[in-house]
């Protein structure tokens, strides 16, 4: 095609750029002129308490994202913060801005964003169970967002699990008898030990859509993906 235009020692390369196609003439003897590939990476918020890269993949086959949000459910934020620069504050404000009933959990604060804070997830759950009007308005239990470091995450979820077993015995139940319906782990809040504990003791799973976390295959952050998931799971909810 180009034999009438260029000498035989010149070949033609079509290089796909992220914005346009560029025709580049490259001498066979000068391979250094070939531009290197420039992969595009999506940026996500990071977490200051992140450990080494989380590599658990046994549950990352087909994820059906259908069970974190519900119009009859309340929400809990473990690691809520009063500092606007921290993700614990950003995630809490995400719930507030979307008019979702949310309980911030922080052992050192009485209020966060003008909302009553709870020292532990047990205190938040106990408050919910003791309020019959609240339970009637939101009978579908809790979904939890987690922003704490993996060590703190494990301690909080372990304590919550033990308390639920002592009071109702349904932490790892199925269907309607399970009060913790879903957990969304923000980046940096989970490791393999936490994942194994939650799967074995809470009866949640990524394949069922009730356990959400980042992996080498998929990055999950409520600040990035929350709007789309909320829109899909509660279509009538106004964003």
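The values are calculated or read from the model by the stated rules, or taken from the named source; none is laboratory data. Note that this is a predicted model, so its numbers are computed, not measured. Please note: Cβ atoms are built from the backbone with ideal geometry, for glycine as well, and neighbour counts cover all protein chains shown.
Count of segment 195-230 residues, restricted to those that are more than 16 Å from the chain's Cα centre (by Cα) and over 18 Å from residue 161 (Cβ atoms), is 0. Scanning segment 128-155 for residues that are in contact with a strand residue (DSSP E or B) (Cβ under 7 Å, 6 or more places away or on another chain), farther than 12 Å from residue 77 by Cα and not in a loop (DSSP other than H, G, I, E, B) yields a total of 1.
From the list 128, 202, 138, the lone residue that is crowded, with 21+ Cβ neighbours inside 10 Å and at pLDDT 90 or above is 202. Look at residue 195 and say whether it is closer than 27 Å to residue 151 by Cβ and touching a helix residue (DSSP H, G or I) at 6+ places or on another chain (Cβ under 9 Å). So residue 195 fails the test. The residue pairs whose first member lies in segment 155-183 and is closer than 10 Å to residue 201 by Cβ, whose second member is surrounded by fewer than 13 Cβ atoms within 10 Å (Cβ to Cβ) and at pLDDT 85 or above, and whose beta carbons are closer than 9 Å, counting only pairs six or more residues apart or on different chains, are 172/200.
Being at pLDDT 95 or above and in a loop (DSSP other than H, G, I, E, B) is a property that does not hold for residue 46. Report yes if some residue within segment 183-194 is over 17 Å from the mean Cα position of the chain (by Cα), assigned to a strand (DSSP E or B) and within 25 Å of residue 71 (Cα to Cα); otherwise report no. For segment 183-194, residues over 17 Å from the mean Cα position of the chain (by Cα), assigned to a strand (DSSP E or B) and within 25 Å of residue 71 (Cα to Cα): absent. The condition (being outside any loop (DSSP other than H, G, I, E, B), modelled with pLDDT under 95 and surrounded by 10 or more Cβ atoms within 10 Å (Cβ to Cβ)) is satisfied by just one residue among 66, 22: 22.
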